[in-house]
Amino acid sequence: MVLRTKPRVLVIDDDEVARESAEVLLTRWGYEVTLAVSGEQGLESIKADPPDLVLVDLAMPGISGQEVLAAVQEYDPAIICIMVTGHATLQAAIDAMKNGAYDFLPKPFSPDELRRAVVRGFEHRFLELETKELREEKARMEANFVTMVTHQMRSPLSAVRQLMEVVINQSLGPMEEAYREIIERAVVRLDDLLGTINAWLAMSRIAESGVAERREPVTLASIIDTLAQRTKLDTDTAGQSLVVEDFDRDQLVKVDSESLLEALYNITSNAVKYNRPGGEVRITCRTSPGWLDLAISDQGPGIPEAEQDYIFDDFFRSKSPELKKKPGTGLGLSIARRVVRAHGGEIQVKSQPAEGTTFVISIPTS
Ligand code: ADP
């Protein structure tokens, strides 16, 4: 329910009789009523416990009704303001409406006129709040839609992948070579898709979970050793070499190890993937007071300057046919940058065509 069970009206009027008669009527109709004798008191009351609707007298000593109206609009435009005045002029009504008043009630008014204005005001507020809620709900659904669909797709696709494995292994009997090749090609495509799905889910996990809150002090050695172990498997398989320059093993860094390692591995695995045959991947750590700079270099083809601005965007992949041939999701660097930024750091790329690429990750150590 958008409105509280007992809708609240604040009456701001310096005229005691007007205040009290409004209170009697509104209470009888089931509203919870608060009274204020001046614009100043009214604004205080609004800030202390915002009402749903304000009946405000236009001509009061001190802060005028128009000023109250402007202040309410600034504070919360969803609060309905009905202007009340004994000296109704067309200009005053126009000004009040311009300032965001919902309605204008010239004095003297009958109980019925008051009731109609208040009921209309509440109907309007209800619709406005409902629309706002629906809009927010729609935005939430849109934001989560891809993640929801992606999540739903993962299990059936993994099941299909396993069933295809049975066919490729010919567990149920021999199969013609031509069929086997087709199924193998299908498995490669399926693996690409599963890779994208897993990367997307990893990214939405990072977006949702509090990376910053999970930071805790660990030694630099615990991060770099794990990264080096994972990367070494890749460089060995690719016939490349991995060099980890000496670093201060005891240096403490306050990080969320799991997400940071995922980010760093995205970069080292790219370095291996895009490296020249037999090339070298180099990891360098430098610390300055309060900061850690971690550089990961390769000897690959480099990244064209025109593409450097886009490589961290979701799903960006190089336009170069040579690089596009390599499997990938276009999400690795985007995930890496999110993680690094969640650590309060930044990530930069330096690249010379034909000479290689260096990614520098800078994060605060505490
Ligand atoms: P992908 O899954 O395509 O590798 P990434 O987000 O990790 O996605 O990288 C985006 C793009 O940046 C890659 O497709 C590639 O064009 C370029 N790129 C990233 N790292 C390197 C690198 N070390 N050398 C050359 N190009 C790179």
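Got a number for residues in region 235-259 being away from the ligand (no atom under 16 Å from the Cβ) and under 24 Å from the mean Cα position of the chain (by Cα)?
Residues in region 235-259 being away from the ligand (no atom under 16 Å from the Cβ) and under 24 Å from the mean Cα position of the chain (by Cα): 5 in total.
Kindly establish whether Ile347 is in the same structural domain as Thr231 (by TED's automatic domain parsing), part of a loop (DSSP other than H, G, I, E, B) and touching a strand residue (DSSP E or B) at 6+ places or on another chain (Cβ under 8 Å).
When the stated conditions are applied, Ile347 does not pass them.
Report every pair of residues separated by at least 6 positions or lying on different chains whose Cβ atoms are under 9 Å apart, first residue within region 13-25 and closer than 14 Å to Val118 by Cα, second acidic (Asp, Glu).
If the second residue must be acidic (Asp, Glu), the pairs left are Ala22/Asp13.
Checking the structure you have, find out if any residue of region 232-249 is within 26 Å of Ser318 (Cα to Cα), in contact with a helix residue (DSSP H, G or I) (Cβ under 8 Å, 6 or more places away or on another chain) and β-branched (Val, Ile, Thr).
yes
Does at least one position in region 341-349 carry a residue that is within 7 Å of the ligand (Cβ to nearest atom) and either closer than 28 Å to Val218 by Cβ or open to solvent by 20 Å² or more (accessible area, probe 1.4 Å) (or both)?
no
For residues that are open to solvent by 60 Å² or more (accessible area, probe 1.4 Å) and assigned to a helix (DSSP H, G or I), tally how many sit in region 95-119.
Adding up the residues that qualify gives 7.
Say whether the condition of being farther than 22 Å from Ser351 by Cβ and within 14 Å of the ligand (Cβ to nearest atom) is met by at least one residue in region 262-280.
Looking for residues that are farther than 22 Å from Ser351 by Cβ and within 14 Å of the ligand (Cβ to nearest atom), one finds at least one in region 262-280, hence yes.
Looking for whichever is acidic (Asp, Glu) and in contact with a strand residue (DSSP E or B) (Cβ under 9 Å, 6 or more places away or on another chain) here; the options are Asp293, Asp309, Asp314. Which one fits?
Asp293
List the pairs whose first member sits in region 269-286 and is touching a residue at least 40 places away in the same chain (Cβ under 8 Å), whose second member is away from the ligand (no atom under 13 Å from the Cβ) and of a type in the set (Phe, Trp, Tyr), and whose Cβ atoms are under 7 Å apart, counting only residues at least 6 apart or on separate chains?
Cys285/Phe247
Name the single residue that is modelled with the highest pLDDT among those in region 166-209 being of a type in the set (Gly, Ala, Ser) and surrounded by 10 or more Cβ atoms within 10 Å (Cβ to Cβ).
Ala186
For every residue, the table says whether it meets (1) assigned to a loop (DSSP other than H, G, I, E, B); (2) in the same structural domain as Thr358 (by TED's automatic domain parsing); (3) open to solvent by less than 40 Å² (accessible area, probe 1.4 Å).
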site: Pro277; (1), (2), (3): yes, yes, no
site: Leu294; (1), (2), (3): no, yes, yes
site: Tyr310; (1), (2), (3): yes, yes, no
site: Asp313; (1), (2), (3): yes, yes, no
site: Lys326; (1), (2), (3): yes, yes, no
site: Thr329; (1), (2), (3): yes, yes, yes
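If Val37 passes every condition in (1) under 30 Å from Lys132 (Cα atoms); (2) of a type in the set (Val, Ile, Thr); (3) surrounded by 14 or more Cβ atoms within 10 Å (Cβ to Cβ) but one, which one does it miss?
The number of the failed condition is (1).
Between a residue in region 67-82 that is among the hydrophobic types (A, V, I, L, M, F, W, C) and any residue that is open to solvent by 50 Å² or more (accessible area, probe 1.4 Å) and in a helix (DSSP H, G or I), which pairs come within a Cβ distance under 7 Å, given they are 6 or more apart or on different chains?
Ala78/Glu128; Ile80/His124
Answer yes if at least one residue in region 320-340 is touching a strand residue (DSSP E or B) at 6+ places or on another chain (Cβ under 8 Å) and away from the ligand (no atom under 11 Å from the Cβ), and no otherwise.
Among the residues of region 320-340, at least one is touching a strand residue (DSSP E or B) at 6+ places or on another chain (Cβ under 8 Å) and away from the ligand (no atom under 11 Å from the Cβ), which makes the answer yes.
List pairs: first residue in region 204-232 and more than 30 Å from Asn275 (Cβ to Cβ), second residue open to solvent by 50 Å² or more (accessible area, probe 1.4 Å) anywhere in the structure, Cβ distance under 6 angstrom, at least six positions apart or on different chains.
The qualifying pairs are Arg215/Lys254; Pro217/Leu252; Pro217/Lys254.
Quick one: which residue in Arg125, Arg154, Arg189, Arg161 is in contact with an Asp or Glu (Cβ under 6 Å, 6 or more places away or on another chain) and either within 30 Å of Pro50 (Cβ to Cβ) or not assigned by TED's automatic domain parsing to the domain that holds Thr284 (or both)?
Matching residue, one of Arg125, Arg154, Arg189, Arg161: Arg125.
The values are calculated or read from the model by the stated rules, or taken from the named source; none is laboratory data. Model, not experiment: these values are computed from the prediction. Cβ atoms come from the backbone with ideal geometry, glycine included; neighbour counts cover every protein chain shown. We work out accessible area using only protein heavy atoms, side chains counted, and drop any ligands, DNA or RNA first. Shrake-Rupley method; radii C 1.70, N 1.55, O 1.52, S 1.80 Å.
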